Amino acid sequence: QVQLVESGGGLVQPGGSLRLSCVASGSIFSINAMAWYRQAPGKQRELVARIPSSGRTTFADSVKGRFNISSDFAKHNVYLKMNILKPKDTAVYYCNGDLRTRSYESSLNYWGQGTQVSVSS
């Protein structure tokens with residue numbers, strides 16, 4: 001059983017910063033990649049940032065230059081540093097892990113429960 005738990009969400013004023021954290025726990029053999037998604041009310045869930053084991057990060061165009069993703073896969077952690085936050089960044093942010101629980105099994109996607117980020121004055 002694998003669990004992903006996010007933390008660090010909250011209310012921040014426009015232009016402010018937040019740092020989200022996610023830790024994966026359980027029987028984890030290896031991690032292929034971890035990512036952050038978000039879902040605003042009435043909208044589909046979208047990829048925000050992704051970091052594979054190779055370290056080559058990708059970002060949504062809307063957050064490039066403002067957000068940064070980092071990880072410590074040995075500790076099963078991933079972080080999202082969000083700077084210059086805008087009201088349109090308001091959403092529930094979800095942690096995603098593409099990982100294997102056994103060496104002989106294919107990887108599966110696991111999700112956290114989400115953490116609310118609200119950007120408002």
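The values are calculated or read from the model by the stated rules, or taken from the named source; none is laboratory data. Please read all numbers here as calculations on a predicted model, not as lab measurements. Glycine gets a Cβ as well: all are built from the backbone with ideal geometry, and neighbour counts include every protein chain shown. Only protein heavy atoms, including side chains, enter the accessible area calculation; ligands, DNA and RNA are left aside. Shrake-Rupley method; radii C 1.70, N 1.55, O 1.52, S 1.80 Å.
Listed by first and then second residue, the pairs linking a residue in segment 37-60 that is free of Cβ contacts under 8 Å to residues at least 12 places away in the same chain to a residue that is exposed (fewer than 14 other Cβ atoms within 10 Å of the Cβ), with Cβ atoms under 6 Å apart and 6 or more places separating them unless they lie on different chains, form an empty list. Tally up the residues in segment 1-14 that are open to solvent by 50 Å² or more (accessible area, probe 1.4 Å) and either closer than 15 Å to residue 77 by Cα or part of a loop (DSSP other than H, G, I, E, B) (or both), please. So the count comes out to 6. Only residues that are exposed (fewer than 15 other Cβ atoms within 10 Å of the Cβ) and under 17 Å from residue 112 (Cα atoms) were counted across segment 22-31, and they come to 3. Evaluation of residue 55 against the conditions (1) at pLDDT below 95; (2) touching a strand residue (DSSP E or B) at 6+ places or on another chain (Cβ under 6 Å) shows that the sole unmet condition is (2). Of the strands (runs of 3 or more DSSP E) lying entirely inside segment 41-121, the ones with 1 or more residues being over 20 Å from residue 31 (Cβ atoms) and open to solvent by 50 Å² or more (accessible area, probe 1.4 Å) are found at 46-52, 115-119.
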